[in-house]
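The following block contains the structure, expressed as structure tokens.
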Amino acid sequence: MRRRAVGTVQRRTLTATALGAAGLLLVGCTAAGQAGGGSGKGEDEAVKVGLVYSRTGLLAAYGKQYRDGFMAGLDHATKGTGRAGGHPIEVTEQDDAGDPGKAVSAAKDLIGKGYKVLAGTTDSGVALQMAPLAAQNKVLYVNGPAATDAVTGINAYTFRSGRQSYQDILTAGTMLGDPKGKKVTVLAQDSTFGQANVAAVKAVLGSEGAKVGSVLAPPSATDLTPFARQVKAGGPDLVFVAWAGATAPALWTALDQQGVLSAGKVVTGLAGTASYPVFGAAGAKVSFLAHYFPGAGGGNAVEKAMLAGVEKAGGTPDLFSTDGFTAAQMIVRAVEEGGATDTAAMVKALEGWSFDGVKGRQRIRAEDHALVQPMFVAKLDGTGAAAKPELVSTQPMDAVAPPAKPSAG
């Protein structure tokens, strides 16, 4: 566990975070773990924030981006003072390693020590365990890059600082035009991840009249040419590619060689900088739905502050830097308007709040705490290590807003 006040943060190298699954472990509502009662202490009482994220494991690169953005956001939102509403903010970092069990254990320890604010995670499985924990103990939880739609509206104490999958798919849909009667093929691996993407595209674009089908390849497949041919034979108006793993370069080569990339619109998500070389020469023929990349915000004042802050600390701005930065903005807002200990007041301070973020104007929807935000369409210019994203269009936040899912409480 590492505790530090804003302004005394030192650099450290992060490794990657492992995915895991564990049963839901809930904390009993002890006096130390309860929020909302207030302590009666003065303005100088510290606000202790628990930052639970992937410092190690498969997602550690994303965890580092989030953490670096968070620290830069705290510095910016507090105007370099490390204080909000007169209260110093102390951040304690915990590594969840992408394991829900480790995350819950860390959160239980922090809540037991009186922490009223938790932030983080890069992994959706972790977020789905952290959210109920926050509700049971009445602490504010600001989720990080975890994109599962199930977090939105899950309870009154959980907010998101990043986008959710529904926003990704709505952004892809903008490339299709009017979906009614259009044919959409989801190309993915026959895995939980791939099947979830098929279900999501059917739920979003299928409900708008698109005819959604799928081509699923075994995760172990190395010869992907037959699957590329199957996609081409179907003559789709839009191909939505959801792919993960070491066979990605072979997939994009096969799609290019079989003429899929020239036959129609092919869209996939734009991940972090490290993924750009994966596409090779095919990258120039693919449309990318993008949550964020440096420069996508058009160089607005907040984006400039984030880029400068992360770089000053020795980090490299990337895909999820904005999620950390936004989380810090939200926490500072909650403390300034709601105080140091009254969680209900913190929640009220965030609900309906519109603010200028890294991506532009954003809004926290009051009824379900979705973060309504602009999304981007990009293309890749160049190949290999020289590949760089270029902004094609910005989708206004209301145009890609997920449907409201009011919280039950």
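The values are calculated or read from the model by the stated rules, or taken from the named source; none is laboratory data. Predicted, not measured: the structure shown is a model, and the values here were computed from it. Quick reminder, even Gly has a Cβ in these numbers, built from the backbone with ideal geometry, and neighbours come from all protein chains shown. Accessible surface is based on the protein model in full, side chains and every heavy atom, while ligands, DNA and RNA are left aside. Shrake-Rupley method; radii C 1.70, N 1.55, O 1.52, S 1.80 Å.
Please find, within the stretch 339-370, the residue that is surrounded by the most Cβ atoms within 10 Å (Cβ to Cβ) out of those that are acidic (Asp, Glu) and over 17 Å from residue 153 (Cβ atoms).
The selected residue is 342.
Another one. Given the options 340, 305, name the one that is under 24 Å from residue 68 (Cβ atoms) and touching a His at 6+ places or on another chain (Cβ under 6 Å). Let's see the steps before the verdict.
Values: 340 fails: under 24 Å from residue 68 (Cβ atoms).
So the residue among 340, 305 that is under 24 Å from residue 68 (Cβ atoms) and touching a His at 6+ places or on another chain (Cβ under 6 Å) is 305.
What number of residues within the stretch 158-174 satisfy the criterion of being farther than 21 Å from residue 102 by Cα and either in a helix (DSSP H, G or I) or among the hydroxyl-bearing types (Ser, Thr, Tyr) (or both)?
11
Then there is this: Got at least one residue in the stretch 339-353 being at negative phi, under 14 Å from the mean Cα position of the chain (by Cα) and of a type in the set (Gly, Ala, Ser)? Break it down stepwise before answering.
So the first thing to find is which residues in the stretch 339-353 are at negative phi, and the list is 340-351, 353.
If we keep only those that are under 14 Å from the mean Cα position of the chain (by Cα) too, we end up with none.
No, there is no match, as no residue in the stretch 339-353 is at negative phi, under 14 Å from the mean Cα position of the chain (by Cα) and of a type in the set (Gly, Ala, Ser).
Residues of the stretch 140-159 being in contact with a strand residue (DSSP E or B) (Cβ under 6 Å, 6 or more places away or on another chain) and of a type in the set (Val, Ile, Thr), which ones?
Result: 142, 151, 158.
Follow-up question, since we're still on this one. Going by what's in this entry, would residue 231 be described as of a type outside the set (Phe, Trp, Tyr) and in contact with a Phe, Trp or Tyr (Cβ under 9 Å, 6 or more places away or on another chain)?
So residue 231 fails the test.
So which residues in the stretch 183-234 are over 27 Å from the mean Cα position of the chain (by Cα) and either of a type in the set (A, V, I, L, M, F, W, C) or under 26 Å from residue 402 (Cα atoms) (or both)?
183, 209, 211, 221, 224, 227, 228, 231, 233, listed by residue number.
Moving on. Could you grab me the full set of residues in the stretch 128-147 that are outside any helix (DSSP H, G or I) and open to solvent by 30 Å² or more (accessible area, probe 1.4 Å)?
Just the residues of the stretch 128-147 that are outside any helix (DSSP H, G or I), to begin with: 138-147.
Matches in the stretch 128-147: 138 only.
Name the strands (runs of 3 or more DSSP E) wholly inside the stretch 213-323 in which the number of residues that are under 26 Å from residue 382 (Cβ atoms) and either open to solvent by 20 Å² or more (accessible area, probe 1.4 Å) or in contact with a Lys or Arg (Cβ under 6 Å, 6 or more places away or on another chain) (or both) is 2 or more.
265-269
Can you work out which of the residues in the stretch 153-166 that are polar (S, T, N, Q) and either open to solvent by 20 Å² or more (accessible area, probe 1.4 Å) or at pLDDT 95 or above (or both) is nearest to residue 215 (Cα to Cα)?
165
Of all residues in the stretch 389-409 being loosely packed, with under 14 Cβ neighbours inside 10 Å and charged (D, E, K, R), which is nearest to residue 253 (Cα to Cα)?
390
While we're on this one: Take the residues in the stretch 84-102 that are farther than 25 Å from residue 122 by Cβ and part of a loop (DSSP other than H, G, I, E, B); name whichever of them is least open to solvent (accessible area, probe 1.4 Å).
The qualifying residue least open to solvent (accessible area, probe 1.4 Å) is 86.
What are the pairs with Cβ atoms under 7 angstrom where one residue, in the stretch 75-86, is over 18 Å from residue 321 (Cα atoms) and the other, located anywhere, is β-branched (Val, Ile, Thr) and open to solvent by 20 Å² or more (accessible area, probe 1.4 Å)? Sequence gap at least six, or different chains.
Correct list of pairs: 82/6.
Sticking with this structure for a sec: Across the stretch 46-73, what is the total count of residues that are open to solvent by 30 Å² or more (accessible area, probe 1.4 Å), of a type outside the set (Gly, Ala, Ser) and more than 21 Å from residue 340 (Cα to Cα)?
Count: 6.
Can you tell me which residue in the stretch 237-250 is farthest from residue 187 (Cα to Cα), limited to those that are within 25 Å of the chain's Cα centre (by Cα) and in contact (Cβ under 8 Å) with a residue 40 or more places away in the chain?
Among them, the one singled out is 245.
Also: From 79, 113, 64, which residue is at pLDDT 95 or above, over 25 Å from residue 309 (Cβ atoms) and of a type in the set (Lys, Arg)?
Sole residue among the options that is at pLDDT 95 or above, over 25 Å from residue 309 (Cβ atoms) and of a type in the set (Lys, Arg): 113.
Looking at residue 81, is it out of contact with any Lys or Arg (no Cβ under 9 Å at 6 or more places or on another chain) and open to solvent by 20 Å² or more (accessible area, probe 1.4 Å)?
Yes; evaluated as a whole, the condition is true for this residue.
Ok, one more. Restricting to the stretch 230-279, name every residue that is at pLDDT 95 or above and at positive phi.
Passing the criteria: 235, 259.
May I pose another question? Go through (1) under 15 Å from the mean Cα position of the chain (by Cα); (2) open to solvent by 10 Å² or more (accessible area, probe 1.4 Å); (3) within 16 Å of residue 51 (Cβ to Cβ) one by one and return the number of the condition residue 121 breaks.
Checking residue 121 against (1) under 15 Å from the mean Cα position of the chain (by Cα); (2) open to solvent by 10 Å² or more (accessible area, probe 1.4 Å); (3) within 16 Å of residue 51 (Cβ to Cβ), the one that fails is (2).
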